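Engineer: Pasting a structure here, questions to come.
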Amino acid sequence: MVKTEYFSDAYTEFPAAAMSQGQLSLRVENLACVRGLRVVFADLSFMLAGGGVLHVSGANGAGKTSLLRLICGLLAPAAGTISLSDGAPLATQCHYLGHADGLKNTLTPRETIFYENRFWTSQEPRAAEDLLSLAGLRKQADQRVSSLSAGQRRRLALTRLLAAPRRLWLLDEPYTALDAAGRELVNTLIRRQAEAGGLVVLAAHEPVPLADQHLELGT
Amino acid sequence: MSDWRILQALFARELRLVLRGGHLMPVLAFVFICVMLMPFGLGPELSLLQRLAPGLLWVIMLMAVLLSLDRMFQADFEDGGLDQLILLPVALEGAVMAKLCAHFVGILFPVLATMPLAGLLLNIRPDTVVPMLATLLAGAPALVMLGAIGAALAVGVRRAGLLTVLIVTPLYVPVIVFGAGALARSLAAPGTLDVAALGMLGLISAASIFLAPPAIAAALRAGIR
């Protein structure tokens, strides 16, 4: 593990048994995705059991991002079903971190975390300082997001995952623009999510040693 | 989870973004440039300016609203904020209303506040400022809601400003007709309010407040697909 500012005491408190609602699984059956007139993929089926990490890979345009967006409901499937084993609506159970991070350039990291906390949880929000430490952004806490580097922006976006426990994480290229410490941060967050019984589906071009399932699209 | 709490936070964030984003100054500058240039284009005859003032003020207001709505959803679409907005644990219609309320407070209120000065520059009588503000205020929500429908329909389209204008201009016709008419009658008889026209404007605004958010939400969902 890379020792950096990220791993403060606050880190050890990360989502305490957030997923302790029984064994959960994600089931995808005969899923088809059509964009325009192009069939991106069809007849895709898999099951991801609680604590599982699924690595989705494939060439550009193979449908990795589309799959994640289908799972969280941002896209509608052309055919097939996606469901959680307990029947809960997917949109309310997942965090989606896409290519575009949804950060606002004119806010500061501190303000970003403040609002994200209020959007995603009704419980006592995690202290902004903890999350800033975790993301390694304490020194940049009051700078505009527009002044952050791509890697710093990515780390700030990752704090959204911790604003509230969600049972399913959908991460699109989570390692993009991150340095070694940032990558380790992502890996540790994923490991903790899996240990807590949550599910992680991540699209990445590089190998993901943490993944216990691999899905190659476009083959 | 408290939807109201989330919507309050969203309103506060959007208001902060509007105030920091530098969106207000271009709109105010547009209003003043229009008003300052009118006498040059129409001639310096004060009675002519006074006669045309109701229509001019409404058209300037309408154009200011369209200018301010240009990138309302487009910026969210481009930076991924629209995905997060849709995934928030509240109804998208509510989130849209929070955004529009922030827009109204952050941009439209300041524009409305400049309208008395704009009216005086167009030679309306000082005692007709209040009726003028009343008609503009009654119609402004409709302008924002209808304009936001156009902005949402054009989301994902590059350089969608013109498309937005083409979509919403027909929807604006009743608002302009009732608004400019009510204002003209109020200016013709100082100290009076055209209650019927004002009521109709309020009705259009109320209807748009109820009907526009579902339409905007549907357009945004379609836009990201």
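Engineer: Looking at B:ILE33, B:ILE60, B:ILE107, which one is without any contact (Cβ under 8 Å) to a residue 60 or more places away in the chain and under 14 Å from the mean Cα position of the chain (by Cα)?
Structural biologist: The conditions single out B:ILE60.
Engineer: Look at the stretch A:75-94 and say how many of its residues are at the interface with another protein chain (Cβ under 8 Å from one of its Cβ atoms) and farther than 19 Å from A:ALA42 by Cβ.
Structural biologist: Total satisfying the criteria: 3.
Engineer: For A:ASP142, all conditions in the list (1) away from chain B (no Cβ under 13 Å); (2) crowded, with 18+ Cβ neighbours inside 10 Å hold save one; what is the number of the exception?
Structural biologist: If we test A:ASP142 against (1) away from chain B (no Cβ under 13 Å); (2) crowded, with 18+ Cβ neighbours inside 10 Å, just (2) comes out false.
Engineer: Which fully enclosed helices (runs of 4 or more DSSP H) of the stretch B:44-134 have 2 or more residues being more than 20 Å from B:LEU17 (Cα to Cα) and of a type in the set (Val, Ile, Thr)?
Structural biologist: Hits in the stretch B:44-134: B:46-69.
Engineer: So, B:ALA184, is that one aliphatic (A, V, I, L, M), closer than 30 Å to B:ALA219 by Cβ and touching a residue at least 60 places away in the same chain (Cβ under 8 Å) or not?
Structural biologist: The answer is no for B:ALA184.
Engineer: If you don't mind, there's one more thing I want to ask. Scan (1) in a helix (DSSP H, G or I); (2) under 25 Å from B:VAL90 (Cβ atoms); (3) at pLDDT below 85; (4) not hydroxyl-bearing (Ser, Thr, Tyr) for the single condition B:LEU183 breaks and write down its number.
Structural biologist: Just one mismatch for B:LEU183, condition (2).
Engineer: Next question, about the same structure. Can you tell me which residue in the stretch B:39-97 is surrounded by the most Cβ atoms within 10 Å (Cβ to Cβ), limited to those that are closer than 29 Å to B:PRO170 by Cβ, charged (D, E, K, R) and away from every other protein chain (no Cβ under 14 Å)?
Structural biologist: Only one residue tops the list, namely B:ASP70.
Engineer: Pull up the stretch A:166-199, narrow it to residues that are in a loop (DSSP other than H, G, I, E, B) and surrounded by 22 or more Cβ atoms within 10 Å (Cβ to Cβ), then point me to the one that is modelled with the lowest pLDDT.
Structural biologist: Among those that are in a loop (DSSP other than H, G, I, E, B) and surrounded by 22 or more Cβ atoms within 10 Å (Cβ to Cβ), it is A:ARG166.
Engineer: In addition: If a residue has to be touching a Cys at 6+ places or on another chain (Cβ under 6 Å) and either surrounded by fewer than 15 Cβ atoms within 10 Å (Cβ to Cβ) or facing another protein chain (nearest Cβ under 8 Å) (or both) to count, how many in the stretch A:59-74 make the cut?
Structural biologist: Summing the residues that are touching a Cys at 6+ places or on another chain (Cβ under 6 Å) and either surrounded by fewer than 15 Cβ atoms within 10 Å (Cβ to Cβ) or facing another protein chain (nearest Cβ under 8 Å) (or both) in the stretch A:59-74 gives 1.
Engineer: If you go through the stretch A:84-107 one residue at a time, how many are surrounded by fewer than 19 Cβ atoms within 10 Å (Cβ to Cβ) and modelled with pLDDT of 90 or more?
Structural biologist: Residues in the stretch A:84-107 being surrounded by fewer than 19 Cβ atoms within 10 Å (Cβ to Cβ) and modelled with pLDDT of 90 or more: 2 in total.
Engineer: Restricting the stretch A:37-54 to residues that are surrounded by 15 or more Cβ atoms within 10 Å (Cβ to Cβ) and in a loop (DSSP other than H, G, I, E, B), which is modelled with the highest pLDDT?
Structural biologist: Only one residue tops the list, namely A:GLY52.
Engineer: Among the residues of the stretch A:200-219, which ones are surrounded by fewer than 19 Cβ atoms within 10 Å (Cβ to Cβ) and in a loop (DSSP other than H, G, I, E, B)?
Structural biologist: A:ALA204, A:HIS205, A:GLU206, A:PRO207, A:PRO209, A:LEU210, A:ASP212, A:GLY218, A:THR219
Engineer: For A:ASP130, state whether it is surrounded by fewer than 17 Cβ atoms within 10 Å (Cβ to Cβ) and farther than 30 Å from A:ALA32 by Cα.
Structural biologist: So A:ASP130 does not fit the description; no.
Engineer: Suppose we filter the stretch A:109-134 for residues that are under 27 Å from A:ALA150 (Cα atoms) and at the interface with chain B (Cβ under 10 Å from one of its Cβ atoms); how many remain?
Structural biologist: 10
Engineer: Given the structure, is A:ALA157 among the small types (Gly, Ala, Ser) and under 20 Å from B:LEU17 (Cβ atoms)?
Structural biologist: It is true that A:ALA157 is among the small types (Gly, Ala, Ser) and under 20 Å from B:LEU17 (Cβ atoms).
Engineer: Do you know which residues across the stretch A:23-36 are of a type in the set (Gly, Ala, Ser) and either at pLDDT 90 or above or at negative phi (or both)?
Structural biologist: A:SER25, A:ALA32
Engineer: Quick check: is even one residue across the stretch A:163-178 more than 10 Å from chain B (Cβ to nearest Cβ), touching a residue at least 12 places away in the same chain (Cβ under 8 Å), under 30 Å from A:ALA62 (Cβ atoms) and among the hydroxyl-bearing types (Ser, Thr, Tyr)?
Structural biologist: yes
Engineer: Now for a separate question. Mind checking which residues of the stretch B:145-159 are surrounded by fewer than 23 Cβ atoms within 10 Å (Cβ to Cβ) and either under 18 Å from B:VAL27 (Cβ atoms) or without any contact (Cβ under 8 Å) to a residue 24 or more places away in the chain (or both)?
Structural biologist: Correct list: B:VAL157, B:ARG158, B:ARG159.
Engineer: For the stretch B:18-30, give me the residue count where each residue is without any contact (Cβ under 8 Å) to a residue 40 or more places away in the chain and either within 14 Å of chain A (Cβ to nearest Cβ) or loosely packed, with under 15 Cβ neighbours inside 10 Å (or both).
Structural biologist: Matching residues across the stretch B:18-30 total 5.
The values are calculated or read from the model by the stated rules, or taken from the named source; none is laboratory data. Here the structure is a predicted model, which is why all the values come from computation and not from measurement. Note that each Cβ is placed from the backbone with ideal geometry, even for glycine, and that neighbours are counted across all protein chains shown.
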